[in-house]
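Worksheet: one structure, shown below.
The values are calculated or read from the model by the stated rules, or taken from the named source; none is laboratory data. Keep in mind that what you see is a predicted model, and the values were worked out from it rather than measured. Heads up, the Cβs are rebuilt from the backbone with ideal geometry, glycines too, and the neighbour counts pull from every protein chain shown.
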Amino acid sequence: MSSSVAKTTKNRSSAKLLCWAVATVVLACLLASLIDSSWGRVKVEGIKIPTQDGQWVVADLFKPATATRETPAPMVVVVPGFQRSKEELENIAVELSRRGIVAVAIDPYAQGSSSSSVSGRTATTEGYGMFAVVDYAAKTDTMNYVDKSRIGATGHSAGGNAAVRGAAHFGMEAKKTGKPSALDAVFVSGYLLSFTDKVLKDVRSNVGMSYARYDEGAYRNALKNGDMRHAPEAIRLVNSGRGPDAPPVHEVALGRYYGDATSRTLRVVYNERVLHPFQPYSVEAIAHQIEFFEKVFGITSGLSSRDQVWYWKELLGLISLVAALVALVPLAQILLRTPAFATLVHPLPPPQPRPDRRGRLVGLGLSALGALVACVTYIPMTELSGRLFVAAARREPTWFFPQRMNNPVLLWAVLNGLAGFLLFYLGYRLYGRRHGVRPEMWGTQIRAAELLRTCALALLLFLSYFGLLFTVYYFFHVDYRFLFMGVRVFQPQFLVLLAMYAPFFLVFFLSNSVRVNGAMRIAGQPEWRSMLAAGIANSAGLLLIVAVQYVTLAVTGTVRWTDGWLYVNLLFAVVPMMFVLPYFNRYFFRLTGRPYLGAITTCLVFVMILLTNTVCYLPL
């Protein structure tokens, strides 16, 4: 076959794969949007509500067709927890709206597309913006399809705190005005710390509560565990709805309804056997919320509480997430065959010689050392970040590295990137240089002009990746996500943050690409085995942290890292990225013969994913 024919065949193959990947993304997002809208029976649209002090709340409104001015429907505000956005709790909104309830899933203040807040305790004092949304629905005529006497709120984790604080906030308002509380009912998931006498005395709403039996934060509870039958917090909640003549409850019967919905004294406690981050994605836990709101609102939808469809949307989100990432490879192949970027293609350097027994031991030892360094440095970096990035740690608005949860990850990435370069050099000095390894095999040589062109191509791939996301979001109002792993659209200011964070993260991404393609590409070794080993090595250290955390929880009932448990939970989304990173670095290396395109492209894409999925304290 001639070179021109081979080139044409490769171009067609790349174009075909790209078309299939893009078509998969579009089809998956279309089907996901149909699930959101209950196949046209619910209107889903984005809204933005101006609030106090120049702040604003961005939300997704799920309005059933049955909710009209003539037949107003109840409404529930859905409040995600700390470092979560509206999309990550929209499964609740989907299920409620299927049953005729208007649902408003909000981006909490300083998260997603909502503004920051002037309050340092926004979940407690403003309900993450939920207070303003309830006021908007209850005190204006704009949402005339909402029954103002049947407004509720639900939230998970810090969003649960927002829900119960909202019940107290509007309860105090009701005592002053002599009118019923604007909140008919709240459901609190994954949060107990606000169930105090001081808070509960002002509640004038029906309250449901759900707590994970194996919640990692249970060490903060009065009894230091997640068993709600004897928990003082749960007992206080139930007794707060009982009249002065009713005998107090000393042990909570899980799932039993106490009190009366019409007098807004109804109380119920659930205790699902799941972990904290997985509770919002439990069919059982969602069924409990459905049952609660149907009871307090007096709704008979005809659907079983276990009749749920949200998990199909999650599956479609995973498909679109994977397909969009896969599309980067054939797109790069096509662009590298254009005159603008053809000079970036070099012959693939020869792989390293197959090591002997001593070489394999050196390689395994250095990989194990790298995993150990990754493991033992993560939690200390969370502590160091509080001292280096003071404003973000204090929840104060700032342009200086404003992401409290990602700042430790940045420090960890820089430290482990430098450690990776050191381990790579040690491997060469201790074994490689005496056994046929030559620096030319790494493909690291590059001229300044070529590096600039590589950066331009990486930026083009980044823009194409997020350009497709913005397009499908515009037409279908869905993004790419699976549970708490998601790729979401972003505001222009996040490009400034990308320029701030990416250069530091690049140390890690470049280190990974050099090690994966310079030290782990072995002659005679199948590519799948090489990339699998690289994926395991790259994620093993962080995975070890997760293992230690939950083995300790299983054995002792308390997690290993208590103060840092939220940072460990963050790893559920980070570890999968760390595992797939070497695959992309290898694919891009095979396209260019250099480690730079993969490192820069994945840095831009993955860092933007991190930046848009966590709390961000930007000034108003």
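Rundown of residues vs (1) assigned by TED's automatic domain parsing to the domain that holds Glu126; (2) crowded, with 21+ Cβ neighbours inside 10 Å; (3) more than 27 Å from the chain's Cα centre (by Cα), yes/no style:
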residue: Thr51; (1), (2), (3): yes, no, no
residue: Gln55; (1), (2), (3): yes, yes, no
residue: Ala67; (1), (2), (3): yes, yes, yes
residue: Thr71; (1), (2), (3): yes, no, yes
residue: Met75; (1), (2), (3): yes, yes, no
residue: Val78; (1), (2), (3): yes, yes, no
residue: Gly81; (1), (2), (3): yes, yes, no
residue: Lys86; (1), (2), (3): yes, yes, no
### Message
So, in the stretch 284-313, exactly how many residues are surrounded by fewer than 16 Cβ atoms within 10 Å (Cβ to Cβ) and acidic (Asp, Glu)?
### Response
2
### Query
over 24 Å from Ile600 (Cβ atoms), touching a residue at least 60 places away in the same chain (Cβ under 8 Å) and in a helix (DSSP H, G or I), is that true of Gly359?
yes
### Task
May I ask you to verify whether Arg204 is basic (Lys, Arg), under 26 Å from Tyr550 (Cα atoms) and surrounded by fewer than 24 Cβ atoms within 10 Å (Cβ to Cβ)?
no
## Note on the structure
Output for Cβ contacts, cut-off 8 Å, separation at least six or different chains, first residue in contact (Cβ under 8 Å) with a residue 60 or more places away in the chain in the stretch 303-318, second of a type in the set (Gly, Ala, Ser), reads Gln308/Ala287; Lys313/Ala32; Leu316/Ala28; Leu316/Ala32; Gly317/Ala28; Gly317/Ala32; Gly317/Gly486
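Matching residues to (1) at pLDDT below 95; (2) aromatic (Phe, Trp, Tyr):
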{"site": "Ala261", "(1), (2)": "yes, no"}
{"site": "Tyr270", "(1), (2)": "no, yes"}
{"site": "Gln289", "(1), (2)": "no, no"}
{"site": "Gly302", "(1), (2)": "yes, no"}
{"site": "Leu315", "(1), (2)": "no, no"}
### Message
If I filter the stretch 347-363 down to residues being of a type in the set (A, V, I, L, M, F, W, C) and modelled with pLDDT of 90 or more, which single residue comes out as farthest from Trp442 (Cα to Cα)?
### Response
Leu361
### Filter pass, Ala502 being within 30 Å of Lys48 (Cα to Cα), at pLDDT 95 or above and part of a helix (DSSP H, G or I)
yes
### Residue identified as closer than 22 Å to Val605 by Cα, assigned to a loop (DSSP other than H, G, I, E, B) and among the β-branched types (Val, Ile, Thr) among Val478, Val496, Val507
Val478
## Note on the structure
Those residues of the stretch 255-283 which are surrounded by fewer than 23 Cβ atoms within 10 Å (Cβ to Cβ) and of a type in the set (A, V, I, L, M, F, W, C) amount to Ala261, Leu266, Val274, Leu275, Phe278, Val283
### Query
Limited to the stretch 400-432, what total is found for residues that are modelled with pLDDT under 90 and either of a type in the set (A, V, I, L, M) or in contact with a Pro (Cβ under 9 Å, 6 or more places away or on another chain) (or both)?
5
### Message
Can you pull out every residue in the stretch 56-89 that is touching a helix residue (DSSP H, G or I) at 6+ places or on another chain (Cβ under 7 Å) and farther than 18 Å from Tyr109 by Cβ?
### Response
Phe62, Pro64, Pro74, Met75, Val76
### All positions within the stretch 535-585 that are over 29 Å from Gly518 (Cα atoms) and surrounded by fewer than 16 Cβ atoms within 10 Å (Cβ to Cβ)
Ala547, Val548, Val551, Thr552, Ala554, Val555, Thr556, Gly557, Thr558, Thr562, Asp563
### Summary
Of the residues in the stretch 478-506, those that are more than 27 Å from Leu418 (Cβ to Cβ) and over 15 Å from the mean Cα position of the chain (by Cα) come to Gln491, Pro492, Gln493
### Message
Taking the criterion of being surrounded by 15 or more Cβ atoms within 10 Å (Cβ to Cβ), at pLDDT below 95 and more than 27 Å from the chain's Cα centre (by Cα), would at least one residue in the stretch 242-251 satisfy it?
### Response
yes
### Message
Please verify whether Tyr219 is assigned to a loop (DSSP other than H, G, I, E, B), within 25 Å of Arg84 (Cα to Cα) and either under 33 Å from the mean Cα position of the chain (by Cα) or assigned by TED's automatic domain parsing to the domain that holds Ala554 (or both), treating the condition exactly as stated.
### Response
no
### Query
Quick one: which helices (runs of 4 or more DSSP H) sit completely within the stretch 277-346 and have at least 1 residues that are under 22 Å from Arg488 (Cα atoms) and in contact with a strand residue (DSSP E or B) (Cβ under 6 Å, 6 or more places away or on another chain)?
310-326
#### Entry: Residue ID - surrounded by the fewest Cβ atoms within 10 Å (Cβ to Cβ), chosen from residues in the stretch 443-488 that are closer than 14 Å to Leu611 by Cβ and either of a type outside the set (A, V, I, L, M) or without any contact (Cβ under 8 Å) to a residue 24 or more places away in the chain (or both)
Gly486
### Query
From Gly298, Gly317, which residue is small (Gly, Ala, Ser) and touching a helix residue (DSSP H, G or I) at 6+ places or on another chain (Cβ under 9 Å)?
Gly317
### Query
Going through the stretch 510-558 one residue at a time, which ones are within 25 Å of the chain's Cα centre (by Cα), over 28 Å from Tyr428 (Cβ atoms) and part of a helix (DSSP H, G or I)?
Ile545, Val546, Ala547, Val548, Gln549, Tyr550, Val551, Thr552, Leu553, Ala554
### Summary
Quick count over the stretch 363-383, residues being surrounded by fewer than 16 Cβ atoms within 10 Å (Cβ to Cβ) and either hydrophobic (A, V, I, L, M, F, W, C) or outside the structural domain of Gly518 (by TED's automatic domain parsing) (or both), is 5
### Query
If Leu618 passes every condition in (1) surrounded by fewer than 21 Cβ atoms within 10 Å (Cβ to Cβ); (2) in the same structural domain as Phe466 (by TED's automatic domain parsing) but one, which one does it miss?
(2)
### Glu440 surrounded by 14 or more Cβ atoms within 10 Å (Cβ to Cβ), within 20 Å of Phe589 (Cβ to Cβ) and among the charged types (D, E, K, R)
no
### Task
Please work out which one of (1) under 22 Å from Tyr596 (Cβ atoms); (2) surrounded by fewer than 20 Cβ atoms within 10 Å (Cβ to Cβ); (3) out of contact with any Cys (no Cβ under 6 Å at 6 or more places or on another chain) is the condition Ala502 fails and give its number.
(3)
### Task
Quick one: Gly417 ticks every box in (1) crowded, with 18+ Cβ neighbours inside 10 Å; (2) within 23 Å of the chain's Cα centre (by Cα); (3) in contact (Cβ under 8 Å) with a residue 40 or more places away in the chain except a single one, so which number is it?
(2)
